[in-house]
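In what follows, a single structure is set out as structure tokens and then discussed.
The values are calculated or read from the model by the stated rules, or taken from the named source; none is laboratory data. All values derive from a computational prediction rather than experimental measurement. Note: ideal-geometry Cβ built from the backbone for every residue, glycine included; neighbour counts use all protein chains shown. Remember, those area values only see protein heavy atoms, side chains included, never the ligands or the DNA or RNA. Shrake-Rupley method; radii C 1.70, N 1.55, O 1.52, S 1.80 Å.
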Amino acid sequence: QVQLVESGGGVVRPGGSLRLSCVASGRTFSFNVMGWFRQAPGKEREFVGGIHWSSGRTSYPDPTKGRFTISRDNAKNTGYLQMNVLKPEDTGVYYCAARSSNLIAATENVYAAWGQGTQVTVSS
């Protein structure tokens, strides 16, 4: 089993930036993809991007493409979500998740391990 712990959330003004981290521990060799999701109050959890761990290949949906960048540090077993030009609609709890498949999926139910989430609030 992989354990994931996110950090880096906070309050930021519109147009600002924030970087989230996700540290993986345990059976880290067992996952190949790290996905990032967010959930706004009263809304369903949505995919904001993912990374294939060994190749570094990334995938983003349209709402975050060009503003969010996902990277990883293999030596530290840590994934990063760099968020730029933040908007109020980016507010929510952000989660990292891991799956063993090599496919970067936007569907949350295919991810077996989840972090506890970190709150991001974009407000003036």
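Limited to the stretch 64-110, what total is found for residues that are under 14 Å from the mean Cα position of the chain (by Cα), open to solvent by 40 Å² or more (accessible area, probe 1.4 Å) and over 22 Å from GLY9 (Cβ atoms)?
1
Hey, can you tell me all the residues within the stretch 12-31 that are within 17 Å of the chain's Cα centre (by Cα) and at pLDDT 95 or above?
Those that are within 17 Å of the chain's Cα centre (by Cα) and at pLDDT 95 or above: SER17, LEU18, ARG19, LEU20, SER21, CYS22, VAL23, ALA24.
Pull up the stretch 19-38, narrow it to residues that are among the charged types (D, E, K, R) and touching a residue at least 40 places away in the same chain (Cβ under 8 Å), then point me to the one that is most open to solvent (accessible area, probe 1.4 Å). Talk me through it step by step, then tell me what you get.
Pass one, the stretch 19-38, residues among the charged types (D, E, K, R): 19, 27, 38.
When the remaining residues are screened for being touching a residue at least 40 places away in the same chain (Cβ under 8 Å), the result is 19, 38.
Values: ARG19: 128, ARG38: 16 Å².
My answer is ARG19.
Answer yes or no: is there a residue in the stretch 39-56 that is among the polar types (S, T, N, Q), closer than 16 Å to VAL122 by Cβ and surrounded by 14 or more Cβ atoms within 10 Å (Cβ to Cβ).
yes
If I filter the stretch 42-55 for residues that are among the aromatic types (Phe, Trp, Tyr) and in a strand (DSSP E or B), do I get at least one hit? Break it down stepwise before answering.
First pass over the stretch 42-55, keeping only residues among the aromatic types (Phe, Trp, Tyr): 47, 53.
Those left that are additionally in a strand (DSSP E or B): 47.
Within the stretch 42-55, one or more residues are among the aromatic types (Phe, Trp, Tyr) and in a strand (DSSP E or B).
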